[in-house]
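**Q** Below are the structure tokens for one structure; questions will follow.
None of the figures in this text is laboratory data; all of them are computed from the coordinates on show. As the structure is a computational prediction, the values presented were derived from the model and not from experiment. Neighbour counts run over all protein chains shown; Cβ positions are idealised from the backbone, glycine included.
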Amino acid sequence: MAAIVLDQPWTGETFTPPTPTDIATVEAAIVARLRQQITSVEVAHFPDRPEAYRLTNRIGAALVRYEGGEYGPLIDAGAIVQERTFRFAAIIMMRDLGWGMGSAADGPTPGAYAVLEAVRIALTGYSIPGCTRIYPLRENFVGRDRQGGVWTYRLLFALRGVAVEASSVANYPPLLQATAFDRSGVTNAVSAAAPFTFNAANQIQLPNINVIQALVTDSAGDATYAAGTDYLLDAPGGLITRLATGAIAAGATVSISYTYGEAVVAVANGGAAPTAPSN
């Protein structure tokens, strides 16, 4: 029987990072978006030591920081799957509000108000693969550094993704071979009576598998042996085993005729293109 062979072995799929919508990936995408859309100020990740940060850009900066998130109810009963909401803040630090003594702009460079609007426009509706579009939540004034003359505002944005439990390596061997049997009788064929001899293990392997029924007699065809009494038939495997308590002698030659259905074997070891099934 010829086997169907897969075109090439499947080695699985690897994602980098393992979860495409993790915090670092989303934050990096937001920073990249702001750098692309806003060039007048410094755009960077929020520093891990904010007390040591110094605003060196002559106009200002937009610093992106993860503010936290929430997890929704379970979506799937068979695995831990939840909606995950990310919240990111853009901290706007500007040397000027953008107004002079109450009304007119005090210079050609953008002020805090202009950068606030630029950040909102750049991120609102922006889509990161694996997440919903970003939407704004709120904005507020944080404070002013009187010594350095820096105005600080905070814009809070959100987007939703999915949190899924980590998969684990299966503790059972992969499927290497699968056999499909025709059980409907559409492909049944009859193998005429032929002599077979039991081997040292008291077994006979028939040329075909998916045996529907078998008739076992002595070599002359005079005595018929009974399944379950004189021998056992492994129908799917096409294997006949002699029972020591039965009437068949060890190493005997018997006559066997049988009916079998078509079977197709698929082997997952790669190689050439699939071959046609045959019996």
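**Q** Of the beta bridges DSSP finds with both residues in the range 177-267, what % are antiparallel, to the nearest 5? The partial results should precede the final answer.
**A** Values: 27 of 28 bridges.
Restricted to the range 177-267, the bridges split so that about 95 percent are antiparallel.
**Q** Once you have the Kirkwood Rh of the range 40-153 from its Cα pairs, apply Stokes-Einstein at 4 °C and 1.567 mPa s and quote D in µm²/s. Can you show the working numbers first?
**A** On the way: Rh = 16.2 Å.
D = 80 µm²/s.
**Q** I'm checking a number: the convex hull volume of the Cα atoms of the range 18-94, normalised per residue, in Å³. What is it? Please report the intermediate quantities before stating the final value.
**A** Details: hull volume 8.3 nm³, N = 77.
Per residue, the Cα convex hull of the range 18-94 comes to 108 Å³.
**Q** Full-extension gain between residue 194 and residue 36, please, as 0.36 nm times their residue separation minus the C-alpha to C-alpha distance. Show your work: numbers first, answer last.
**A** Values: separation 158, 0.36 × 158 = 56.88 nm, distance 8.04 nm.
Gain on stretching residue 194 to residue 36: 48.8 nm.
**Q** Roughly how far apart, in whole Å, are the Cα centres of the range 137-157 and the range 74-90?
**A** 30
**Q** Would you please give the FRET efficiency between residue 266 and residue 226, computed as 1/(1 + (r/R0)^6) with r the Cβ-Cβ distance and R0 = 45 Å, to the nearest 0.05?
**A** On the way: r = 35 Å, r/R0 = 0.79.
The calculated FRET efficiency here is 0.80.
**Q** While we're on this one: Starting from the Cα gyration tensor of the range 177-267, multiply each eigenvalue by 5, take the square root, and state the resulting semi-axes largest first in whole Å. Don't skip to the answer; put the middle values down first.
**A** On the way: eigenvalues 117, 41, 22 Å².
Each semi-axis is the square root of five times an eigenvalue, giving 24, 14, 11 Å.
**Q** About the Cα centre of the range 177-267, how large is the charge dipole given +1 on each Lys and Arg Cβ and -1 on each Asp and Glu Cβ? Please answer in debye to the nearest 20. Each step should come with its number before you reach the end.
**A** Working: 2 positive and 6 negative charges, 23 e Å.
Roughly 100 debye, rounded to the nearest 20.
**Q** Each label point is 7 Å from the Cα along the Cα-to-Cβ direction; what then is the distance between the points at residue 250 and residue 217, in nm?
**A** So the two model labels end up 2.8 nm from each other.
**Q** Now for a separate question. Could you work out the pair-distance distribution P(r) of the range 126-246 from its alpha-carbon pairs, with 5 angstrom bin width and percents rounded to whole numbers?
**A** 2, 7, 10, 11, 8, 7, 5, 4, 4, 4, 4, 4, 4, 4, 4, 4, 4, 4, 3, 2, 1, 1, 0
**Q** When the chain is fully extended, how far beyond the present Cα-Cα distance does residue 76 get from residue 156, taking 0.36 nm per residue of separation? Provide the component values of the computation, followed by the final result.
**A** Details: separation 80, 0.36 × 80 = 28.80 nm, distance 3.00 nm.
Full extension of this stretch gives 25.8 nm more.
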